[in-house]
1. I need the full set of residues from region 243-253 which are touching a helix residue (DSSP H, G or I) at 6+ places or on another chain (Cβ under 8 Å) and either small (Gly, Ala, Ser) or not in a strand (DSSP E or B) (or both), in order please.
2. Of all residues in region 121-151, count the ones that are surrounded by 13 or more Cβ atoms within 10 Å (Cβ to Cβ) and among the charged types (D, E, K, R).
3. Output yes when any residue across region 224-243 is on the phi > 0 side of the Ramachandran plot, surrounded by 13 or more Cβ atoms within 10 Å (Cβ to Cβ) and in contact with a Gly (Cβ under 9 Å, 6 or more places away or on another chain), and no when none is.
4. Please determine, by comparing only the residues of region 7-27 that are touching a strand residue (DSSP E or B) at 6+ places or on another chain (Cβ under 6 Å) and either within 22 Å of ARG181 (Cβ to Cβ) or among the aliphatic types (A, V, I, L, M) (or both), which one is surrounded by the fewest Cβ atoms within 10 Å (Cβ to Cβ).
5. Out of (1) out of contact with any Asp or Glu (no Cβ under 7 Å at 6 or more places or on another chain); (2) within 15 Å of PHE29 (Cβ to Cβ); (3) crowded, with 19+ Cβ neighbours inside 10 Å; (4) not hydroxyl-bearing (Ser, Thr, Tyr), what's the single condition that is false for LYS182?
6. Counting just the residues of region 156-174 that are β-branched (Val, Ile, Thr) and modelled with pLDDT of 95 or more, which one comes out surrounded by the fewest Cβ atoms within 10 Å (Cβ to Cβ)?
7. Residues ASN52, ASN36: which one is within 18 Å of the chain's Cα centre (by Cα), at negative phi and surrounded by fewer than 13 Cβ atoms within 10 Å (Cβ to Cβ)?
Amino acid sequence: MIDIKKINYSIDGTQILDNLSFKFEKGKFYGILGPNGSGKTTFLDVLSGYKNAPDSEIYIENKELKEYSPLKLAKKIAIVPQKFDIVFPFSVSDILEMGRYPYKKKFFSLQKSDYEVIDRVIKEIGLEEFLDKEITALSGGEEQRVIFGKALIQTTPILFLDESTSNLDPYYSHTLLSLVRKRVEEEQTMVIGVFHDFNLATLYCDEILLLEKGRIVTSGKTQEVLNSKALEEVFKIGWEKYKTEKNTFVFPKLGDD
């Protein structure tokens, strides 16, 4: 579904992404892990077209990224950003309706089918009490749920998550990622998510890409990557591992233990 070849990106002579190549397949949830400054967010920015890497090749469903208009790209990719900066006091209802704008015909209002999608996501995430509130009046976690909901309402075959649960408590982190996981399995959507919480990645990701200094150090099935020596080498710490029947959970090993 996404095929990238030799992605390079630099800022003021500093190489942020270094010759990245990879094929992402539909029906899979990919996690991107790496230390601060490894290029995780920039990677998503380039894949989404938000940042331009002119000499790179990025194909989405066998069509080059640069061939997509913004409107057509919005029907392919939805994004839950790390930060959502908005100063105008739109209502939560207004923000959620924006998720259907790529499908809205000029000079026409949203259709009944659009509101059916919106209402379903509102109920799934539990946003009923916020609909008339201004987005600027919400807490960080509440705002993040709304932006997550907007992305789900967009109903795209590709979803990017950039630390999308950073402001959420455990209940909503798992609620939202479970909804995403369900779409991966039932609708064959493709998800690429940046994670700092390795154990959330353990529970929801099929495969992991481990980045360091803009390069893919290793990639593969989630359990294989989390059990690899590369994890210690990239993060410069040891890891305690707790294994269940299905998963391996990792925790930083600090000190001399």
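1. Selection gives ASN247 alone.
2. The qualifying residues number 7.
3. no
4. Here the residue is LYS23.
5. (3)
6. First pass over region 156-174, keeping only residues β-branched (Val, Ile, Thr): 156, 158, 165.
If we keep only those that are modelled with pLDDT of 95 or more too, we end up with 156, 158.
Working: THR156: 20, ILE158: 22.
My answer is THR156.
7. Result: ASN36 is the single residue among ASN52, ASN36 that is within 18 Å of the chain's Cα centre (by Cα), at negative phi and surrounded by fewer than 13 Cβ atoms within 10 Å (Cβ to Cβ).
Conditions tested, residue by residue: (1) among the polar types (S, T, N, Q); (2) touching a Lys or Arg at 6+ places or on another chain (Cβ under 8 Å); (3) more than 23 Å from TYR171 (Cβ to Cβ).
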{"site": "LEU96", "(1), (2), (3)": "no, yes, no"}
{"site": "GLN111", "(1), (2), (3)": "yes, no, yes"}
{"site": "ASP114", "(1), (2), (3)": "no, yes, yes"}
{"site": "ASP132", "(1), (2), (3)": "no, no, yes"}
{"site": "LEU138", "(1), (2), (3)": "no, no, no"}
{"site": "GLY141", "(1), (2), (3)": "no, no, no"}
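The values are calculated or read from the model by the stated rules, or taken from the named source; none is laboratory data. Keep in mind it's a predicted model, so treat the numbers as computed, not measured. Note that each Cβ is placed from the backbone with ideal geometry, even for glycine, and that neighbours are counted across all protein chains shown.
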